[in-house]
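Chemist: Below you'll find the structure I mean.
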Amino acid sequence: MRFVFLVSVLSLTLGGAAHASDPGLPPLGRLHFSVALARMAMQHRTFETDDTGLFFNAAGYGRLRGDWYAGGEIGVGGNVALFGLDETTTVPIELNLKRGFGLSRHVALALGGGLCTSWVEYRDNGFFGTGDERTASDWVFGGQVFGEILLHAGWAQTGLQVEYQLTTDAGEVMDLISPGEGWDYSNLKIALHVGILVPSRGG
């Protein structure tokens, strides 16, 4: 059900935004690259937040045609573990398609989504690291939708991104900590990023 919800949101978002395209120069240049720091809220069982933490990533996109861009992102993130208790880590690799919309000479909006695969790990260190450690890792698949507001001047770029990512259950982790129950690495990220934008020819 969650994947149906994700696809529906992506279709409505991109379809509805198609009418707002700026007919001028491509709003995100020919190429753009960035690094980001995000606050991440993970939802292992339901849409409620189970863990919160930090996420770091690097991204690169190139223009296809018009205002459309394709690219990828790779990152690493995890929860903030207290007293040496359970730690959850995710390392997603994303392939995305997005569309840029010029709002002004130095401001642009981007909406997009794509597919991902993630290496995930769960580590229970025991209370205060008593040595009763249990660890499980797995690969999961998923998808994401996101929106960005971007500020750029010359080759410099900064912005804010909000992304929601859904994943399949992590079977190995589920077997370790909650047999018979769902356990995935779906998450919401709010990120600040900085990078460079290679202007389009003539722009």
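The values are calculated or read from the model by the stated rules, or taken from the named source; none is laboratory data. Just so we're clear, the structure is a prediction, and the values are computed from it rather than from any experiment. As a convention, Cβ positions derive from the backbone with ideal geometry for all residues, glycine included, and neighbour counts pool all protein chains shown.
Chemist: Kindly evaluate W155 against the criterion of being free of Cβ contacts under 8 Å to residues at least 60 places away in the same chain, touching a strand residue (DSSP E or B) at 6+ places or on another chain (Cβ under 8 Å) and either farther than 30 Å from R65 by Cα or of a type in the set (S, T, N, Q) (or both). Break it down stepwise before answering.
Modeler: On the way: free of Cβ contacts under 8 Å to residues at least 60 places away in the same chain: yes; touching a strand residue (DSSP E or B) at 6+ places or on another chain (Cβ under 8 Å): yes; either farther than 30 Å from R65 by Cα or of a type in the set (S, T, N, Q) (or both): no.
For W155, the condition - free of Cβ contacts under 8 Å to residues at least 60 places away in the same chain, touching a strand residue (DSSP E or B) at 6+ places or on another chain (Cβ under 8 Å) and either farther than 30 Å from R65 by Cα or of a type in the set (S, T, N, Q) (or both) - is not met.
Chemist: Every residue in the range 168-200 that is in contact with a helix residue (DSSP H, G or I) (Cβ under 9 Å, 6 or more places away or on another chain) and in contact (Cβ under 8 Å) with a residue 12 or more places away in the chain, please. Outline the logic, then answer.
Modeler: If we filter the range 168-200 for residues that are in contact with a helix residue (DSSP H, G or I) (Cβ under 9 Å, 6 or more places away or on another chain), which is where we start, we get 168, 180-186.
T168, E181, G182, W183, D184, Y185, S186, listed by residue number.
Chemist: Continuing with this model, one more query. Please pick out the residue among G142, G78 that is touching a Ser or Thr at 6+ places or on another chain (Cβ under 8 Å), at pLDDT below 95 and assigned to a strand (DSSP E or B).
Modeler: Details: G142 fails: at pLDDT below 95.
Just a single option satisfies the conditions, and that option is G78.
Chemist: Check off (1) at pLDDT below 90; (2) assigned to a strand (DSSP E or B); (3) not polar (S, T, N, Q) for P23 and give me the number that stays unchecked.
Modeler: For P23, the exception is condition (2).
Chemist: Starting from the range 29-50, keep only residues that are of a type in the set (D, E), then list their pairs with residues that are assigned to a loop (DSSP other than H, G, I, E, B) and surrounded by 18 or more Cβ atoms within 10 Å (Cβ to Cβ) whose Cβ atoms are within a distance under 7 Å, requiring at least 6 positions of separation or different chains.
Modeler: Matching pairs, first to second residue: D50/H44.
Chemist: Closer than 15 Å to A191 by Cβ, surrounded by 15 or more Cβ atoms within 10 Å (Cβ to Cβ) and either without any contact (Cβ under 8 Å) to a residue 24 or more places away in the chain or under 16 Å from the mean Cα position of the chain (by Cα) (or both): does that describe G71?
Modeler: Spelling it out, it is not the case that G71 is closer than 15 Å to A191 by Cβ, surrounded by 15 or more Cβ atoms within 10 Å (Cβ to Cβ) and either without any contact (Cβ under 8 Å) to a residue 24 or more places away in the chain or under 16 Å from the mean Cα position of the chain (by Cα) (or both).
Chemist: For the range 169-203, which positions are of a type in the set (S, T, Y), surrounded by fewer than 19 Cβ atoms within 10 Å (Cβ to Cβ) and touching a strand residue (DSSP E or B) at 6+ places or on another chain (Cβ under 9 Å)? Explain how you work it out, then say what you get.
Modeler: Taking the range 169-203 as the starting set, the residues that turn out to be of a type in the set (S, T, Y) are 178, 185-186, 200.
Applying the additional criterion that residues be surrounded by fewer than 19 Cβ atoms within 10 Å (Cβ to Cβ) yields 178, 200.
Scanning the range 169-203 gives a single hit, S200.
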